[in-house]
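Trainee: The structure under discussion is supplied below as structure tokens; questions concerning it will follow.
Bear in mind these aren't lab numbers, they're just calculated from the coordinates by the rules spelled out. All values derive from a computational prediction rather than experimental measurement. Heads up, the Cβs are rebuilt from the backbone with ideal geometry, glycines too, and the neighbour counts pull from every protein chain shown.
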Amino acid sequence: MDQSFILREPYFLPISLNGVEGFCIDDRYSTNRPYLKFPGGITFFANQIAITKTINNQQTLSYQNETSKIAKQLLSKGYHIGIHSDDDSDDSLNINKKIKNDPIGCGYLSKRQDIMNLIGRTEISMTNQIKNILPEIYIKLTDKMLINKIVLANSQLAKNPTYFDATPRQVAQAAVKEKAPVMIVEGQHSNQAIAIINFKPNSTFNTALAAKNNLPAYNYDAWAFDELLIRIPALSKYDHQEMILSALIDTIATVNLFGVNNIYVRY
């Protein structure tokens, strides 16, 4: 096992899916309290819904409206998954204020079209990454063309002006309007960061402590996303395999866009 991954294992800690908050996989310093990690926080769920709808030729809402809708569903069930900005873009948790050029300090949100376009350009390499990083997932695919379908759906959505009818900050504000929590991260991304796809149930990465000790990582709690797909009716109505694979491809492309190619899987 790679030493860079081994060094980060002590920074994993126990966590429950119930009664805790969820935010982005950002590698930067943030709160010391444990929280679940999904790329883009609550907006990650909205994107997987939109991709799955697109695969099945169903009409999707805008990014802003999909975010608002799923935020309401998750928060009403007691799952406090929110959004984040950073101390370059915001000096408080009040992300509703007007800011020149409307920046938001979340790369997943601000680079959403870029991430989708990256997926759309990398069909062959994405297939190879899934095979190499997640062979167990690839072997279990009942539809080996599903990766291609997800790639195409991302490419289509990236070019859809109706989906992107709001700024990234307005998408974040839609979640906050539904009472989604907000977190502010500090500092700059590290060029020493790795990415971890965490399938080990009831665990997450202590991002703040790891960043403080120069062992940063983008950690995606895939086990929690999987469990929420089962627990939340607004999510369970979609094809489980499509949602899971879409989420994994989205995560890989997100960290790739930020220059991270060392991706490890934790079981």
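Trainee: With the contact rule set at Cα under 8 Å and sequence spacing of 6 or more, what percent relative contact order holds for the chain?
Mentor: The value is 32 percent.
Trainee: Next up: Using a Förster distance of 30 angstrom, determine the FRET efficiency expected from the C-beta separation of Asp88 and Ala234, and round it to 0.05.
Mentor: The formula returns an efficiency of 0.35 here.
Trainee: Shifting gears a bit: How much length is gained if the chain between Lys179 and Leu257 is pulled fully straight, taking 0.36 nm per residue apart and subtracting their Cα-Cα distance, in nm to one decimal?
Mentor: Full extension from Lys179 to Leu257 adds 25.1 nm.
Trainee: By its C-alpha gyration tensor, with a ≥ b ≥ c as the square roots of the eigenvalues, how is the chain shaped: rounded for a/c under 1.5, else prolate for a/b larger than b/c, else oblate?
Mentor: Because its axes are fairly even, with a/c under 1.5, the chain counts as rounded.
Trainee: Which ³J(HN,Hα) values, rounded to whole Hz and listed in residue order, are derived for the stretch 238-255 from phi using the Karplus coefficients 6.51, -1.76 and 1.60 in 6.51 cos²θ - 1.76 cosθ + 1.60 with θ = phi - 60°, glycine and proline given as x?
Mentor: Whole-Hz 3J(HN,Hα) from phi for the stretch 238-255: 8, 4, 4, 5, 5, 5, 4, 5, 4, 5, 5, 5, 4, 5, 4, 5, 4, 6.
Trainee: 7 Å from Cα along Cα→Cβ at both Ser76 and Val20: what's the point-to-point distance in nm?
Mentor: 2.6 nm
Trainee: May I ask you to derive the FRET efficiency for Asp165 and Arg121 from their Cβ-Cβ distance with R0 = 30 Å, giving the value to the nearest 0.05?
Mentor: The value I calculate is 0.80.
Trainee: Once amide H atoms are built 1.01 Å from N in the peptide plane, which residues 5 or more positions from Val185, or in another chain, come under 5 Å H to H?
Mentor: Those qualifying (amide H under 5 Å, at least 5 residues apart or on another chain) are Ser85, Asp86, Asp87.
Trainee: Pull out the extension gain between Ile6 and Asp114, defined as 0.36 nm times the separation in residues minus the alpha carbon to alpha carbon distance; nm, one decimal.
Mentor: Here the answer is 35.7 nm.
Trainee: Among the DSSP beta bridges whose two residues both lie in the chain, what percent are antiparallel, rounded to the nearest 5?
Mentor: 20 percent
Trainee: Given a Förster distance of 22 angstrom, what is the FRET efficiency for Gln59 paired with Gln241, based on the Cβ-Cβ distance and rounded to 0.05?
Mentor: So, using R0 = 22 Å, E works out to roughly 0.50.
Trainee: Can you give the calculated 222 nm mean residue ellipticity of the chain, where each DSSP H run of n ≥ 4 adds -39,500 (n - 2.57) and the sum is split over every residue, rounded to the nearest 500 deg cm²/dmol?
Mentor: -13500 deg cm²/dmol
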